[in-house]
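Enquirer: Pasting a structure here, questions to come.
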Amino acid sequence: MKTMAEYREHFPIFKNTVYINSCSYAALSNEVENAFLEYLKDRHEVGADWINWCDRLERVRALFAKLLGAKADEIAVTTSASASLSAISSSLDFSGTRKKIITTDLAFPTEAQAWHALKKHGAEVVHVKEKNGMIDLDDLERLVDDQTLLVAVPLVCYRNGALADVPSIRNIARSAGAMILVDAYQGVGAVPIDVEQWDVDFIVGGSLKYLLSTAGVGFLYVREGLIEQSQPTQTGWFAQEDIHAMLIHDNIPARNARRFEQGTPSVPNLYAVEAGLTMILEIGVKNIRAHVAALNERLKEGVNRIGGKLMSPENPEHHGAMITIASNDEYGLVAKLAENDIIASSRDGNLRISAHFYNNNHDIDAVIGALEANKSLLA
Ligand SMILES: Cc1ncc(COP(=O)(O)O)c(C=O)c1O
C-alpha cells in the first residue's frame, strides 16, 4: 500500500495550501478530476451511454455497501443526504400509536427538518439535549417510550465534532421498540462503520466530504428486514421493481432499497463518486481513523498549549475527524488562516479543523502557528 504521504501527492491543492477542511468539502484528487473528464469524453464519444451509466450506478451501490459492511440490496444511491432523509420520512407510518420522533440538539438542520415536516401527519418531534457537547443518553432514556417510532442521531456533530455512541443509543431505542437512524455524513470515510455491529435501521450520508468526491450523490442504508414493509411516497421511476416497465397505472417499488430512489441518477457525479470511494476503500477507513487520530492529538495538545479552548470532547474516542476551537470571531479567524493559505471553516462560533488521510504534521503545526499568531480571535 502507498503511504499517506504518497496519497497526498494525488491532491494538487497541497502544492499551494494547507487544506484542512474535509468536514466541508474534500480536497480534489487527480482521480476524481479524471473521472469527471471521462464523463465528458463519454458524452462526446458515445452520447447517451445508459447501459454503462446503469452499470456504474450498480458499482457505486456496491462500493457504498462495502464501505458500510452492508449488502448492495440494502443501499439506495440518492442525490443528497437530505433526499435520503426525505425518502425515509415519506415512508414512515403514523397510523399506529407510535407518533414520537426523537432527534437531538446536535442534529444537522436537514435531519431535524425532515421530522418537523412530518408534524402535519401527526408526528410529535422532541429533541434530546446535549451534555458536555455530547448526546445526553440519560435524556434520551427519559424521552424514549412505547410511543416512539424513530430515534435519529448524528454520528458526528457538524458543529462540535462529537462522536455518538451508536451501540448505546441503539440499545436504548431498541429497548422501547423504536427504530434508529444515524446521519453519518460527518463520519463516513473517516470513522469505521459496520452495519452488523451497529444493527441500526437507517444510515444516511453523502459523498462530498470524507468520501472525496462531489455534491450530487448521497446514500441511504436500510436494514434488510425493513425494506419490504417500507412504502416511500417520495418515489419515481428509478425506484420501480422494473424500471423499463414504464408503468402508469400502478406503483410497484423495487424489492430492495432501490425503492428509496427516485429519478434519473446523478450521472456525471457517479463517475466521481466511484473514484473517491475506490481510493477510500483502498486506504481503509481504520487506517484513516488512526492517521487522523494522531494528527488530532498533536492539534489538541497545541491548542491547549497556546491557551485555546477546545469545543470538541477531548477524549479521542468521543470525537470524529473534526476538532473545533472556540473563537470570538469565527469568520475573522477563518479569513486570517486563509491569509496564511490555511483553508478551514467554522460553525456556531467555532473554528473547524478537519484533517483527513492527506494531511500531515506540517499542516497541524501550520494551524497551531496561525492560531498562536491570531490569539486575539480565540475565545
Ligand atoms: C451531518 C450532516 N448531515 C446532513 C448534511 C446535509 O447533506 P446534503 O446537503 O447532502 O443534504 C450535512 C452537510 O453538511 C451534514 O454535515
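Enquirer: Given Ala239, Val204, Ser22, which one lies farthest toward the positive end of the charge dipole of the chain, if we put +1 on the Cβ of every Lys and Arg and -1 on the Cβ of every Asp and Glu?
Expert: Checking the options against the dipole of the chain, the answer is Ser22.
Enquirer: Can you give the three extents of the C-alpha atoms in the chain along their principal axes, from longest to shortest, in whole Å?
Expert: Reported extents, whole Å, longest axis first: 67, 60, 34.
Enquirer: Further question: For the chain, with a Gaussian network of springs between Cα atoms less than 10 Å apart, report the residue from Glu297, Glu196, Glu274 with the top mean-square fluctuation.
Expert: Among Glu297, Glu196, Glu274, the largest GNM mean-square fluctuation belongs to Glu196.
Enquirer: Based on DSSP H assignment, which helices of the chain show an axial Cα extent of at least 15 Å together with a mean Kyte-Doolittle hydropathy greater than or equal to 0.0?
Expert: Details: long enough: 30-45 (22 Å, -1.31); 50-68 (27 Å, 0.16); 81-91 (16 Å, 0.81); 267-283 (25 Å, 1.16); 285-305 (29 Å, -0.59); 361-373 (18 Å, 0.37).
What comes out of the filter, once short or polar helices are dropped, is 50-68, 81-91, 267-283, 361-373.
Enquirer: I would also like to ask the following. Which entries in Lys119/Lys209; Lys41/Lys71; Lys99/Lys286; Lys66/Lys129; Lys71/Lys286; Lys66/Lys120 show an alpha-carbon gap greater than 27 Å?
Expert: Numbers: Lys119/Lys209 31 Å; Lys41/Lys71 32 Å; Lys99/Lys286 38 Å; Lys66/Lys129 33 Å; Lys71/Lys286 20 Å; Lys66/Lys120 37 Å.
Cα-Cα > 27 Å for Lys119/Lys209; Lys41/Lys71; Lys99/Lys286; Lys66/Lys129; Lys66/Lys120; rest within.
Enquirer: Taking only DSSP H segments of four or more residues, each worth -39500 (n - 2.57), what value at 222 nm results for the chain once the sum is divided by all its residues, to the nearest 500 deg cm²/dmol?
Expert: On the way: 13 runs with 145 residues, N = 379.
After summing the helix terms and dividing by residue count, I get -11500 deg cm²/dmol.
Enquirer: Quick check: the distance between the Cα centres of the range 203-217 and the range 316-342, to the nearest angstrom?
Expert: 21
Enquirer: Need the C-alpha centroid separation for the range 1-73 versus the range 129-156, integer Å.
Expert: First find each Cα centre; the distance between them is then 35 Å.
Enquirer: Using Cα positions and a limit of under 24 Å, work out the lysines in reach of Lys375, with same-chain residues fewer than 8 apart set aside.
Expert: Lys375 reaches Lys300, Lys309, Lys336.
Enquirer: Which whole-Hz couplings ³J(HN,Hα) result when phi for each residue of the range 128-144 is put into the Karplus expression 6.51 cos²θ - 1.76 cosθ + 1.60, θ = phi - 60°, listed in order with x for Gly and Pro?
Expert: Per residue, the Karplus-derived 3J(HN,Hα) values read 6, 6, 9, 9, 6, x, 10, 5, 7, 5, 5, 5, 4, 4, 5, 7, 6 Hz.
Enquirer: What ³J(HN,Hα) values, in whole Hz, does the Karplus curve 6.51 cos²θ - 1.76 cosθ + 1.60 give for the range 6-11 when θ = phi - 60°, with x put for Gly and Pro?
Expert: Along the range 6-11, the couplings run 5, 4, 4, 4, 7, 10 Hz.
Enquirer: A further question on this structure: For the range 1-41, what is the convex hull volume of its Cα atoms per residue in Å³?
Expert: Working: hull volume 4.0 nm³, N = 41.
In the range 1-41, the Cα convex hull volume per residue is 98 Å³.
Enquirer: Neighbour counts of other C-beta atoms within 10 Å: give me Trp198, Trp115, Trp237 arranged from fewest to most. Intermediate results must be reported in sequence, preceding the final value.
Expert: Details: Trp198 21, Trp115 25, Trp237 17.
Fewest-to-most ranking of Trp198, Trp115, Trp237: Trp237, Trp198, Trp115.
Enquirer: With the cut-off at 20 Å, report for the range 82-166 the share of all Cα pairs above it, as a whole percent. Walk me through the numbers on the way to the answer.
Expert: Working: 1121 of 3570 pairs.
The answer is 31 percent, as a whole percent.
Enquirer: Once you've got the GNM for the chain with C-alpha springs shorter than 10 Å, pick whichever of Val217, Val204, Val166 has the biggest mean-square fluctuation.
Expert: Val166
Enquirer: Let me ask another. Roughly speaking, what is the stretch gain from Lys131 to Ala379, that is 0.36 nm per residue apart minus the C-alpha to C-alpha distance, in nm to one decimal? The partial results should precede the final answer.
Expert: On the way: separation 248, 0.36 × 248 = 89.28 nm, distance 2.02 nm.
The span from Lys131 to Ala379 would gain 87.3 nm if fully extended.
Enquirer: Springs between alpha-carbon atoms under 10 Å, Gaussian network over the chain: tell me which of Ile283, Ile323, Ile248 tops the mean-square fluctuations.
Expert: Ile248
Enquirer: Based on the Cβ-Cβ distance from Val46 to Ser175, what FRET efficiency comes out when R0 is 45 Å, to the nearest 0.05? If you can, show how the numbers build up before the last one.
Expert: Details: r = 54 Å, r/R0 = 1.20.
My answer for the efficiency is 0.25.
Enquirer: Express the relative contact order of the range 32-281 as a whole percentage, based on alpha carbon pairs under 8 Å and six or more residues apart in sequence.
Expert: Working: 482 pairs, mean separation 67.4, N = 250.
Reported as a whole number, the value is 27 percent.
Enquirer: Within the P(r) computed for the range 213-323, what percentage of the Cα pairs occupies the region above 25 Å?
Expert: Details: 3144 of 6105 pairs.
Of all Cα-Cα distances in the range 213-323, 51 percent exceed 25 Å.
Enquirer: Report the relative contact order of the range 221-297, percent, no decimals, based on alpha-carbon pairs under 8 angstrom and at least 6 residues apart.
Expert: Details: 54 pairs, mean separation 21.4, N = 77.
With pairs under 8 Å counted, the relative contact order is 28 percent.
Read-outs throughout are calculated quantities, based only on the coordinates presented, and are distinct from any laboratory measurement. None of these values were measured; they are calculated from a predicted model. We place every Cβ from the backbone using ideal geometry, glycine too, and count neighbours over all the protein chains shown.
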